[in-house]
Amino acid sequence: MRGQIGPCGCTSDPLGDLSRTAKVITDARARGPVLVVDAGSLLYAKSPIPPPLAFQEDAKAKLLVRSYQEPLQVAAIGLGPADLANGVASITPPRQAVNATEGPLEAPKVVTVGSTTVGIFGVIAADTIAAKVSDPIAAGKAAVKELRGKSATIIVALVQASTKKDAVTLVRDIGGIDLAIAGLGINAPEPDRVEVAQQVGDTWLVVPANRGQVLARVDVTLRPGAGMVDAIGPSVAEARQVNIAKQLAELDADIAKFQQDPSADPKFLAQKRDEKVRLAGERDGLARQPYVIPATGSYFTLDHIRINKQLACDQGVQQGVSDFYRTTGEANVLAAAGKPVSAPAKGQARYVGMAACDDCHPDEVKQWKTTVHAQAWKTLVDRGQQFDYDCIGCHVTGWDKPGGANLAHNDELRDVQCETCHGPGSIHVDKGGVEKPAAIAKAPPPDMCATQCHTKEHSDTFQYEAYLRDIVAEGHGIDRRKALGDGPTGHTLRSAALDKAGRTLGSGCVR
C-alpha cells in the first residue's frame, strides 16, 4: 500500500483506495472462506518523512492499521522498507518476518480458512530493508518444516525482496512453499505491468501491484493429488490474449520482411509461420475456454482486480478516510500557521499573484480562466483535501518556494497561476514589464510539467504538446498554438482514458 488510503483524482485510473479494497474483500468473505495477507510496505508513503508531514503520515499509518484489522481482517503482514520510515519501534502491528532480528514480530502460524489449515510465514531477502536480518534461506526452511509439522495443508510465504529476480531466487532456495506473495517495495509493478503467476519449482509466485492499485485475488481449489496448477481463468486469459495479439503483429511484420528478402532462410521463415499458427491456436483456445482445470489435483486462478472508480465502497472505511482528511488538514493548518513563507534572497523576485498579472495582461488572464489550471484549488476543496500535503503542492503557485506559498499562507496564490510557468513576477511588475534582462520566463522548460506535477503517477495521460494545446490560445500564446497545429488535446486524451477506466462511481462511493 505504501501509505495509500484513497484514490488520487488527478489520474484517470485512481491509485489504491481502502474503501473499495474493503468492499471487495467483505463481499468475497460473504460468499466463502477468505484469507487476506500483505507482503509488507504498508505504513508510509515517504521515507524519510519530511518534518511537516510527520503528523499526517502517522495518522495515515494508524488508519491503515485500523482498517487492516477491521473490516479487512488481514491475517498476516510481512515487513517491507516502507514500514521503517519512523524506525523499527514504530512498526505496528506485529509482522511476519522469520529472519528479522528486531521489531514487533509474530511467529509463523497456522490459521484455519474454511475447512483448510494454512501455514503462513514471512521472510526478507538480504539487503532489502534498513534493519538487521539473518540468513533468509535457513530461516525460511525452518519455518516451512515447522508449519508442515503443525499439519498445514498449504503454506503461504510473504516474501520481501528488492527485485522479482531476488524473490524468485529466495523462493527456489527455500522450497516447500505452495504460494508466495512478493512485496518489492518501491519496485512493485505499476498496474499495467502486473504479471501472471510464475512457477518456481513447486511454488507459485504472485506479485501484487504498487500502492494498492490492484488487489491480487487467488482462488484456490484443493483436491487430492500432488502439487497445484494454474487454471488460468478469465482475467489472466484476457491479458494473455492481449499479449499474444502483440506477438502476432510482430510475427506478421517479420514474415512480410523475410518474404521480400531473397536471401532469407526458408527454414527460418517456416519456423516463424509455425510460431504464428501456435500462438493463434493458443489465443483461440483461451477465447473459447479461459479455464484450464486439471482432471485431478489442486488448482488456482489469479485475478488482478483494479481498484478503480467502478467498484463499490465500504462506507465505514470511506468515512474514516474522509475524517482523516478533515482532522489532519485542520492540524496541518494550525501547525503551519506560525511558519511564514521564507523571503527571497536580496535581488530575487517574489510571487505576486494573478491580480497583479491582470492589470497589464487581461486577455491572457481571461483565457487562463477557461483552463483547468484555474480550477486546481477547487478540485481539492471539492474533495476536502486542500490542506493535504500530498496534494496541495501542485494546486497552488510558488509552493514551498521563497516568496511563494505554504500550507497556511496561500490565499493569493491558489490555483496554477501565471507564475507557475513564467516564474515569480514582483520585479517584472515593479519595473512595469520593461526590465532588462527580462525577469520572467516567456515559456517554461519543456520538461517542467512532467518533472513537477504531471508525473506518470498522478497524470497518466500527460503528453506535453497535447496538454499545451489546452493552455495556449487566442489571448495567450496564439502563435504557439498555431505552431502546434492540429492534434489531440489534453482534454481529449484524458476524456478517452476516463471512458476506458469508467466514469461511474461505484455504489456507496462519494469520491
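Condition check ((1) assigned to a loop (DSSP other than H, G, I, E, B); (2) of a type in the set (Gly, Ala, Ser); (3) in contact (Cβ under 8 Å) with a residue 24 or more places away in the chain; (4) surrounded by fewer than 17 Cβ atoms within 10 Å (Cβ to Cβ)) across all residues:
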| site | (1), (2), (3), (4) |
| --- | --- |
| CYS8 | yes, no, yes, no |
| ILE25 | no, no, yes, no |
| ARG29 | no, no, yes, yes |
| TYR44 | yes, no, yes, no |
| ALA54 | no, yes, no, yes |
| LEU79 | yes, no, yes, no |
| ASN86 | yes, no, yes, no |
| ALA89 | no, yes, no, yes |
| GLU102 | yes, no, yes, yes |
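Whenever a residue of segment 248-268 is in a loop (DSSP other than H, G, I, E, B) and modelled with pLDDT under 90, its partners that are of a type in the set (Phe, Trp, Tyr) and surrounded by 10 or more Cβ atoms within 10 Å (Cβ to Cβ), lying with C-beta atoms within less than 6 angstrom and at least six residues away or across chains, give the pairs ALA264/PHE258.
Has segment 219-229 got at least one residue that is out of contact with any Cys (no Cβ under 7 Å at 6 or more places or on another chain), under 24 Å from SER47 (Cβ atoms) and not hydroxyl-bearing (Ser, Thr, Tyr)?
Step one: filter segment 219-229 for residues out of contact with any Cys (no Cβ under 7 Å at 6 or more places or on another chain), giving 219-229.
Those left that are additionally under 24 Å from SER47 (Cβ atoms): none.
No, because not a single residue in segment 219-229 is out of contact with any Cys (no Cβ under 7 Å at 6 or more places or on another chain), under 24 Å from SER47 (Cβ atoms) and not hydroxyl-bearing (Ser, Thr, Tyr).
Checked against the criterion of being assigned to a loop (DSSP other than H, G, I, E, B) and farther than 18 Å from ALA343 by Cα, the candidates LYS401, LYS436 yield just one match: LYS436.
Of all the listed residues (VAL242, VAL277, VAL220), the sole one being modelled with pLDDT of 95 or more and loosely packed, with under 14 Cβ neighbours inside 10 Å is VAL277. Which residues, taken from segment 318-357, are surrounded by 14 or more Cβ atoms within 10 Å (Cβ to Cβ) and over 28 Å from GLY9 (Cβ atoms)? Once the filter is applied, which keeps residues that are surrounded by 14 or more Cβ atoms within 10 Å (Cβ to Cβ) and over 28 Å from GLY9 (Cβ atoms), segment 318-357 yields PRO344, ALA349, ARG350, VAL352, ALA356.
For segment 143-168, filtering for residues that are surrounded by fewer than 16 Cβ atoms within 10 Å (Cβ to Cβ) and without any contact (Cβ under 8 Å) to a residue 40 or more places away in the chain leaves 5. When segment 280-300 is filtered for residues that are touching a Pro at 6+ places or on another chain (Cβ under 8 Å) and surrounded by 14 or more Cβ atoms within 10 Å (Cβ to Cβ), the ones remaining, listed by number, are PRO290, GLY297.
Please go through segment 140-162 and pick out each residue that is touching a helix residue (DSSP H, G or I) at 6+ places or on another chain (Cβ under 6 Å) and not in a strand (DSSP E or B). Show your work before the answer.
First pass over segment 140-162, keeping only residues touching a helix residue (DSSP H, G or I) at 6+ places or on another chain (Cβ under 6 Å): 140-141, 155, 159, 161.
Hits for segment 140-162 are GLY140, LYS141, ALA161.
Only residues that are touching a residue at least 60 places away in the same chain (Cβ under 8 Å) and either within 19 Å of HIS458 (Cα to Cα) or among the hydrophobic types (A, V, I, L, M, F, W, C) (or both) were counted in segment 394-416, giving 6.
In segment 200-215, what residues are free of Cβ contacts under 8 Å to residues at least 60 places away in the same chain, touching a Lys or Arg at 6+ places or on another chain (Cβ under 7 Å) and either at positive phi or assigned to a loop (DSSP other than H, G, I, E, B) (or both)? Talk me through it step by step, then tell me what you get.
Filtering segment 200-215 for residues free of Cβ contacts under 8 Å to residues at least 60 places away in the same chain gives 200-203, 205, 207.
Subset that is touching a Lys or Arg at 6+ places or on another chain (Cβ under 7 Å): 200-201, 207.
If the condition is that a residue be free of Cβ contacts under 8 Å to residues at least 60 places away in the same chain, touching a Lys or Arg at 6+ places or on another chain (Cβ under 7 Å) and either at positive phi or assigned to a loop (DSSP other than H, G, I, E, B) (or both), then GLY201, VAL207 are the ones that fit.
The values are calculated or read from the model by the stated rules, or taken from the named source; none is laboratory data. Remember, predicted model here, so these are calculated numbers, not experimental data. Here Cβ is always computed from backbone atoms with ideal geometry, including for glycine, and neighbour counts include all displayed protein chains.
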